[in-house]
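These notes concern the structure reproduced below.
The values are calculated or read from the model by the stated rules, or taken from the named source; none is laboratory data. Predicted model, so just to flag it, every value in this text is computed and none were measured. So basically every Cβ, Gly included, is an ideal-geometry build from the backbone, and we count neighbours across all protein chains shown.
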Amino acid sequence: MTALAYAAHLRIGEKRYRERFGLAYEQFRTGQRFQHRPGLTLSQQDNRDECLDTLNQQMLHFDAAFASHTEWGRCLMDSTLTTRVVMGMTWKTFARKTQLIGFDEIALTSPVFGGDTIYAESEILEIAEVLEDATAGRIKVRTRGLNQQGQPVATLVHDLLVERTNPDDSGPNGDLAERHASHVQVAPGVFRERMGLFFEDVDVGETYEHRPGKTFSAEDSARQTVRTLDQTEAVVDWYGADRTRVGPPDVNPMHVLAVVTGMMTKTFSRIVANLAWQHVRFPEPVRDGDTVYAESTILGTRASQSRPGQGIIHVRTTAHTHDGRTVCGFERKILVYGRRHGPYEAAGY
């Protein structure tokens, strides 16, 4: 099986692509290995928040004075955070899972501390038919978490139910080029996840539909707002600004802008720098419970005159709700690496 069989985009029309993630059950083979990207650098703040959010009172994770007297000499990362992050990293390969059946083993083999960067890799151990479910198959996976030195920190053996190929989801994909591959084969049977198009990979007029969407809540909007020092009453105080209000306020447009921009990063993850937003508009508000989707159209490209091996892509992005209301639109200019440039090989991407 070649890397081209694993597509990061579904071609749904002329110059129109939709982001897609996860392999179907039929695409897995016993012995395959997948290197998941990106990695994640954990902080002591992450450690503390995990403990507070999960009612964990183990002082080794958040009391630095206490931890200094232990054999570790500093706060040890909460094991539930480590295991959740390792599993979360696998989503682009296993996004079509319909159920996490369970774990045969979760082994923590080395300590993790604030400042460590975690990566994950998975091996397919077994594949089995599920006679009572014609829509899915069962796979057994061994996933390892590794730190920045390549030292294993966790091993998780787990079983998943994974969707079979849906003929209605195939699309006109026969001519998808290598630029749309979701994985690159780095050794026989070993595939590394890849994200993003290089500067030369895009053409003017192409449109990319970003997935997944994002369901907004007023609570999330208020939390994100106060984190920016903004305490505008209409956003953070549901009733203080309008005593007649019968429901939560609209979502902060700045939060909407941040999320819609973030949605672009799977197709445009080769960015060197965000140069500018232009013509940013919010035609209608995002309301509590709305799910928002975004799509980007390539308006223009040009090679950078001052940065060899990089180019500028001019993009127009629009976002709409699940019921079709346009809620955000902007143009954006981004500086993007060209092929054979950037830190990817050196960084293991």
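Brief remarks on what is shown
- Taken residue by residue, the stretch 67-76 has at least one member that is outside any loop (DSSP other than H, G, I, E, B), over 22 Å from the mean Cα position of the chain (by Cα) and not assigned by TED's automatic domain parsing to the domain that holds G189.
- Boolean, R29 is part of a loop (DSSP other than H, G, I, E, B) and within 30 Å of I139 (Cα to Cα): yes
- On the stretch given as the stretch 96-146, residues that are crowded, with 19+ Cβ neighbours inside 10 Å and either of a type in the set (D, E) or in a loop (DSSP other than H, G, I, E, B) (or both) total 4.
- A single entry from Y6, Y25 fulfils the requirement of being farther than 18 Å from T155 by Cβ and touching a Lys or Arg at 6+ places or on another chain (Cβ under 7 Å): Y25.
- Candidates R20, R48, R16, R29 - the one that is more than 25 Å from M264 (Cβ to Cβ), among the charged types (D, E, K, R) and crowded, with 16+ Cβ neighbours inside 10 Å: R48
- Qualifying positions in the stretch 269-326 - polar (S, T, N, Q), surrounded by fewer than 15 Cβ atoms within 10 Å (Cβ to Cβ) and over 24 Å from the mean Cα position of the chain (by Cα): Q278, Q305, S306
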